[in-house]
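Worksheet for the structure shown next.
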Amino acid sequence: MKKNGILNSEITKVLADLGHTDQITIGDAGLPVPHGVAKIDLALKFGLPSFNDVLLAVLSDMAIEKVVLAEEIKTQNAQQLQAVLKALPKGVEIVYVSHTEFKKQTQNSKAVIRTGEVTPYSNIILQSAVIF
């Protein structure tokens, strides 16, 4: 039995298997998951669990060096963007791409974690860092 950290066994396994520059995605309830990419579905109902709760839990267990966000979050969900920026460790590279490009880039993710979030553009790609 785990003593602390993420209890979801699928998320724990994905995080433990990541190597440097591997990526995972945390998405809202509507983000499409590309064929062939593992989907870890946490959504219970609209809003639960929230994108922020899942992001904070994953960030507590994962070393990241880069994130990818949709450019549209800046104007369509500025409140969510501020929460994301506050949660990220200092020095993390932030890349903004169009939402269309974001969805294409999820094809490179080892897994997509689906939340119950229903606010627009509440999606993030996390790239793993080296632990030293």
Amide H neighbours of Leu48 under 5 Å, counting only residues 5+ apart in sequence or on other chains, H built in-plane at 1.01 Å?
Gly116
Using the alpha-carbon centroid of each, what span in Å lies between the range 1-79 and the range 81-106?
12
Per residue value of the accessible surface for the range 1-68 (all protein chains in place, 1.4 Å probe), Å²:
57
So for the chain, taking the charge dipole from beta-carbon charges (+1 Lys/Arg, -1 Asp/Glu), which of Ala43, Ser9, Pro120 sits furthest toward the positive end?
Ser9
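Subtract the Cα-Cα distance of Gln105 and Val130 from 0.36 nm times their separation in residues, and report this length gain in nm to one decimal.
Numbers: separation 25, 0.36 × 25 = 9.00 nm, distance 2.10 nm.
Length difference between fully extended and current span is 6.9 nm.
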Note down the nm distance, to one decimal, between modelled labels 7 Å out along Cα→Cβ at Thr12 and at Thr75.
4.4
Row for the range 53-126, column shape: gyration tensor on C-alpha, a ≥ b ≥ c, rounded if a/c < 1.5 i.e. under 1.5, prolate if a/b over b/c, else oblate; value rounded
Send over the per residue convex hull volume for the chain, Cα only, as a whole number of Å³.
108
Heads up, the range 1-61 by the C-alpha gyration tensor (a ≥ b ≥ c square roots of eigenvalues; a/c under 1.5 rounded, else a/b over b/c prolate, else oblate) looks oblate
Can you sort Phe132, Phe102 by solvent-accessible area, 1.4 Å probe, largest first?
Phe132, Phe102
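Leaving out ligands, DNA and RNA, what percent of the accessible area of the chain is carbon and sulfur, probe 1.4 Å?
On the way: 3920 of 7390 Å².
Of the solvent-accessible surface of the chain, carbon and sulfur hold 53 percent.
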How many nm separate the modelled label positions at Lys39 and Ser98, each set 7 Å beyond the Cα in the direction of the Cβ?
2.5
Shape call for the range 93-132 from the C-alpha gyration tensor, a ≥ b ≥ c root eigenvalues: rounded (a/c under 1.5), prolate (a/b greater than b/c) or oblate?
prolate
Reach of Lys110 by Cα under 19 Å, taken over lysines that are not fewer than 8 positions away in the same chain:
Lys13, Lys39, Lys66
Charged-residue dipole, Cβ positions (Lys, Arg, Asp, Glu), the chain about Cα centre, Debye nearest 20:
200
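The values are calculated or read from the model by the stated rules, or taken from the named source; none is laboratory data. No experiment lies behind these values; they were computed from the predicted model shown. Cβ: placed from backbone, ideal geometry, glycine included. Neighbour counts: every protein chain shown. The accessibility values were calculated without ligands, DNA or RNA, using every heavy atom of the protein model including side chains. Shrake-Rupley method; radii C 1.70, N 1.55, O 1.52, S 1.80 Å.
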